[in-house]
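Novice: Provided herewith is a single structure, encoded as structure tokens, for subsequent inquiry.
Read the figures in this text as sums done on the coordinates, not as results from a lab. Values in this document were obtained by computation on a predicted structure and should not be read as measured data. Every residue, glycine as well, gets a Cβ built from its backbone with ideal geometry; the counts of neighbours run over all protein chains shown.
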Amino acid sequence: MGTQPEQIVSLKGVAKSFGAVRALAGVDLAVGAGECLGLVGHNGAGKSTLMNVLAGTLAPDSGAIEIHGKDLAAGYSVTVAHRNGIRCVFQELSLCPNLTVAENTRILHPALKGFGWKQRAGRLIKEKLDEILPGHGISPGDTVGDLSLGQRQMVEIARAFTVTDDPLHLVILDEPTSSLDASTAQQLLEFVRREVARGRSVILISHLLGEILRYSDRVVVMKDGKVVAERPADRFDRDSLVGAMGTVVEHHAAVQATAVRERSGTPVVVRAKSALQTDDQALVAHRGEIIGLAGLAGHGQTRMLLQVFAGAVGRMHGVDVQGPVAFIAGDRQTEGIFPLWSIARNVTVRSLPRMLRHQLVDSRREAEMAESWKQRIKIRTPDMDNNILSLSGGNQQKAVFARALGSDAEIVLMDDPMRGVDVGTKLEVYDILRAEAAAGRTFLWYTTEMDELNYCDHIYVFRNGRIVADVSREEMTEQKILQSSFKESA
Amino acid sequence: MNATMLRKLHQTPWIWSFVGAVAVWLATIAFTEGQGAGAIVTAALSFACFTVIVGTGQMLVITTGPGNVDLSIPATITLCGTVAMKVMNEQDSLLILGIVAALAAGAVVGALNYGLIRFLRIPPIIATLSMSFLVQSSAIAYNRGLRIKPPPALDAFTTGDTFGVPWIAILTVLFSVVVGIIVGRSYYGRAISAIGQNSRAAWLANIPVERFRFLTYVASAMLSAICGILLAGFSGGPALDMGSEYLLGSIAVVVIGGTSVAGGRASVPGIWGAALFMFLLVTMLNTFGASAGIRLVATGLIIIAVIAIAGGERESR
């Protein structure tokens, strides 16, 4: 990319290994001023590792990190990155949940000190939030732990764009829209374009290829720790991009072909009514159905899933569940993984009661289950006995999937589980879901991605903790879902 | 080859507590020129038993996650030791009844601890500490300072040995083996490790979090009860301060033994190494003629050092 007038960052021959896993095999990557660079690749392709190197949180084994033409690889750190105007918003959110929004802003800006720093920090973040997303409903005094995942993601992104002393040249956004609903995601990406027009640079990582194609200037594709393709965004389309990533394109025709099932054909296994519901509308799932929970992010879908879960493992007013349940968390850091354990143990934990022999866990059966799910859902690891944290984020999520799908649960609750999962894996998981549903498993699926609703037999749209629309698959259109999501409650 | 051995060592941090115990023992007998080497071992095995039993309960509690700790152990030892001796009334025929009464008292204390934590939402450190005042006061009211002798059979059992190996040590080793299997291979063991790492994820993985937490606090208190019975038998009767040294002791052996203070990882063998180490350390300082003050200072410094080193290692991983 020698045509760029000014290069902000240039990585040359960056390599990094984790034990036997080669995460980066000599990567070159340059970002020019005023450019939005889209970065795509499968889970474990090395995207997050590369960004960690650039952000200074991981030291590369070898290679050069040039910023404004100076090699800073020796002694490179988060502080150095900051001082040179490089910020990163990671996939795993890094706000302190016990502090307020304003206090979290202060962490990034040592310049905010002395009397009244809290007010100044609050004003700084509020202005940025207002700019990105008018009507966001977040106050600087809110404790981060009380915010929804989507709101936390907004705060984190807004914070990355605030400026005090240190300059700001490049912001890395790793899956920035994963917890956001479609309209918020769009507003955020429009904001990114405005920043780019002002001369700032952005590296955008996303598994939503439409976003990448539409909002970036140039696209870099990574595979197995290497850059395998690099072109201006307008010279890629969806299929060629997927092709470059190394996945065979599967057409959506398969989805349409599935027979539409009669609603009342099978017995009801879940009936749940939200506590906020004012009319008689309840969520109902028949055996073998895939039920979609739609609507804007954070409008009570997760609460409904938790309510169903609590009703299944204990007793809960207004909830009736027939059969064992399993929960697939979307927020894997706080609700999914057990960080001290191996991948195998993370997969088997839900199924241990079935694996007891003389009251002890049968290690042979445990290993069998782990190995079979490693194959089935393609967890990228040389050994399932490795620690769960040795996996990339998407692969950790696969382990969380395997935990629920491999269990005896007849009803599986999914809390926006495809966050940070690549396209290839998603398609595989969709296939597994359809096969499992055909075999009689029931799925309750909260998703923020419109595409995924195509896989659902029936959809409930949520707004302000209530079900506001009850849509069958034949009636489902994007228009209809969006309209219901925004409809003021009558 | 070397790398795998290093990794093995890394996975078994408890080995260091045994290394420490042997080193201290060697230093002691080097000073005494070999005199009393066997007697020191016998004494260490006896005294370590009490620490191991309550340390095991403490380990289970600490494993269930950050903030979980049982500070009512000393008071429970005292109360249950007293209850056992009073019910036994120095008669062998009432031995079983006394044991049952003490265990029941322990179970009640454990259940109350859990109740304070769960239903009144009091942090465990405060709940168990305030419970220990109630328990200690009950012990005082019940005992009124009398010293009741243990029944002859209990006395004989707790002080008996074969070729220098105390019977209670044999019993406690068997107990540790059983707990080791439970922690390593049972559903309960796996579950408390999961709860300790992330209790919300554990709940969402269908683990009955609250039931296991309840069982853990009850188990800890009942182990204190067993310790109280054995200690009362061993030392010729209950005393009101008989449990006091097990407050720090129970926590120290858990930490030195390689159990994660942040929860999620338990180490049973390490408790033995640490308990022997702690006793032998005091013996060594005694042999060197150190005063009580020096002994306490040295013990405190060693505990701090171990936690600092173990904690640092964990972060670098």
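Novice: Using 0.36 nm per residue of separation minus the Cα-Cα distance, give me the extension gain between A:ILE107 and A:ARG231 in nm, one decimal.
Specialist: 40.9 nm
Novice: Separate question: Principal axis lengths of region A:141-201 from Cα atoms, whole Å, largest first?
Specialist: 33, 28, 18
Novice: Ok, one more. Listed highest first by mean packing, meaning other Cβ atoms within 10 Å per residue, what order do A:78-89, A:328-339, B:73-84, A:226-237 come in?
Specialist: Highest mean packing first, the order is B:73-84, A:328-339, A:78-89, A:226-237.
Novice: A follow-up question, please. Give me the net charge for the shell around B:PRO151: Cβ to Cβ below 11 angstrom, other residues only, Lys and Arg +1, Asp and Glu -1.
Specialist: Working: positive: B:LYS149; negative: B:GLU90, B:ASP92, B:ASP155.
Neighbourhood net charge equals -2.
Novice: I would also like to ask the following. Count neighbours as other Cβ atoms within 10 Å of each site's Cβ, and list the chymotrypsin sites (Phe, Trp or Tyr not before Pro) in region A:84-153 that are DSSP loop with at most 13 such neighbours. Mind showing how you got there, number by number?
Specialist: Numbers: sites: A:PHE90, A:PHE115, A:TRP117; in loops: A:PHE90, A:PHE115.
Answer in residue order: A:PHE115.
Novice: Further question on the same structure: Once the other residues with Cβ under 13 Å from the Cβ of A:ILE125 are scored (Lys, Arg +1; Asp, Glu -1), what is the net sum?
Specialist: Working: positive: A:ARG106, A:LYS118, A:ARG120, A:ARG123, A:LYS126, A:LYS128, A:ARG152, A:ARG159; negative: A:GLU103, A:GLU127, A:ASP130, A:GLU131, A:ASP142, A:GLU156.
Combined, the nearby Lys, Arg, Asp and Glu give +2.
Novice: Rounded to whole Å, give me the distance from the Cα center of region B:73-141 to that of region A:130-197.
Specialist: 55 Å
Novice: Hey, got the dipole for region B:200-317? About the Cα centre, +1 on K and R Cβ, -1 on D and E Cβ, debye to the nearest 20? Kindly include the intermediate steps, with their values, before the conclusion.
Specialist: Working: 7 positive and 5 negative charges, 70 e Å.
Around 340 debye, computed over region B:200-317.
Novice: Here's something else I'd like to know. What is the dipole size for chain B, taken about its Cα centre, with +1 at each Lys and Arg Cβ and -1 at each Asp and Glu Cβ, in debye to the nearest 20?
Specialist: So the dipole magnitude of chain B works out to roughly 920 debye.
Novice: Here's something else I'd like to know. For B:ILE304 paired with B:TRP167, estimate the spin-label separation in nm (one decimal), with each label point 7 Å from Cα along the Cα-to-Cβ line.
Specialist: So the label points at B:ILE304 and B:TRP167 sit 4.3 nm apart.
Novice: State the answer as a single residue: which of A:GLN479, A:PRO110, A:LEU389 lies farthest towards the positive end of the charge dipole of chain A, with beta carbon charges of +1 for Lys and Arg and -1 for Asp and Glu, about the Cα centre.
Specialist: A:PRO110
Novice: So what's the gap between the Cα centers of region A:18-67 and region B:199-271, to the nearest angstrom?
Specialist: Value for the Cα centre distance between the two parts: 47 Å.
Novice: So how strong a dipole does the protein assembly as shown carry about its Cα centre when Lys and Arg Cβ are +1 and Asp and Glu Cβ are -1, to the nearest 20 debye?
Specialist: 880 debye
Novice: If you add up the charges near B:THR287, with Lys and Arg at +1 and Asp and Glu at -1, over every other residue whose beta carbon is less than 13 angstrom from its beta carbon, what do you get?
Specialist: Taking every other residue near B:THR287 into account, the sum is 0.
Novice: Continuing with this model, one more query. Can you give the average number of partner chain beta-carbon atoms within 10 Å of each beta-carbon in peptide A:306-313, as a whole number?
Specialist: That average works out to 2.
Novice: Something else now. Just going by the charge dipole of region B:1-158, with Lys and Arg at +1 and Asp and Glu at -1 on Cβ, which of B:ILE117, B:SER17, B:PRO151 is farthest out on the positive end?
Specialist: Projecting each Cα onto the dipole axis, the largest value belongs to B:ILE117.
Novice: Here's another thing I want to ask about it. I need the shape label for region B:1-145. Rule: rounded when a/c is under 1.5, else prolate if a/b > b/c, else oblate, with a, b, c from the alpha carbon gyration tensor.
Specialist: oblate
Novice: On to the next question. Divide the volume of the convex hull of the Cα atoms of the protein assembly as shown by its number of residues and quote the answer in cubic angstrom per residue. Mind dumping the intermediate values first?
Specialist: Details: hull volume 165.2 nm³, N = 807.
Spread over its residues, the Cα hull of the protein assembly as shown gives 205 Å³ apiece.
Novice: Across peptide A:323-329, how many C-beta atoms of other chains are within 10 Å of each residue C-beta, on average?
Specialist: Rounded to a whole number, the mean comes out at 2.
Novice: Let me ask something else about it. Considering every Cα-Cα pair within chain B, what fraction, in whole percent, is farther apart than 34 Å? List each step's numbers first, then the result.
Specialist: Working: 11188 of 50086 pairs.
Every Cα pair in chain B considered, those over 34 Å come to 22 percent.
Novice: Out of A:THR162, B:MET222, A:THR184, whose Cα points farthest toward the positive end of the dipole of the protein assembly as shown (charges: +1 Lys, Arg; -1 Asp, Glu; placed on Cβ)?
Specialist: Farthest towards the positive pole: B:MET222.
Novice: Over all residues in B:199-212, what is the mean tally of Cβ atoms on other chains that come within 10 Å of each residue's Cβ?
Specialist: Other-chain Cβ atoms within 10 Å of each residue's Cβ, averaged: 6.
Novice: Next up: Suppose only helical runs count, i.e. DSSP H with n ≥ 4. What mean residue ellipticity at 222 nm does that imply for the protein assembly as shown under -39500 (n - 2.57) per run, divided by all residues and rounded to the nearest 500 deg cm²/dmol? Don't skip to the answer; put the middle values down first.
Specialist: On the way: 30 runs with 404 residues, N = 807.
Computed mean residue ellipticity for the protein assembly as shown: -16000 deg cm²/dmol.
Novice: So which DSSP H runs in chain B come out at 20 Å plus along the axis (Cα) with average Kyte-Doolittle of at least 0.0?
Specialist: Long hydrophobic helices here: B:15-31, B:37-63, B:73-88, B:95-119, B:124-143, B:167-185, B:209-234, B:268-287, B:292-316.
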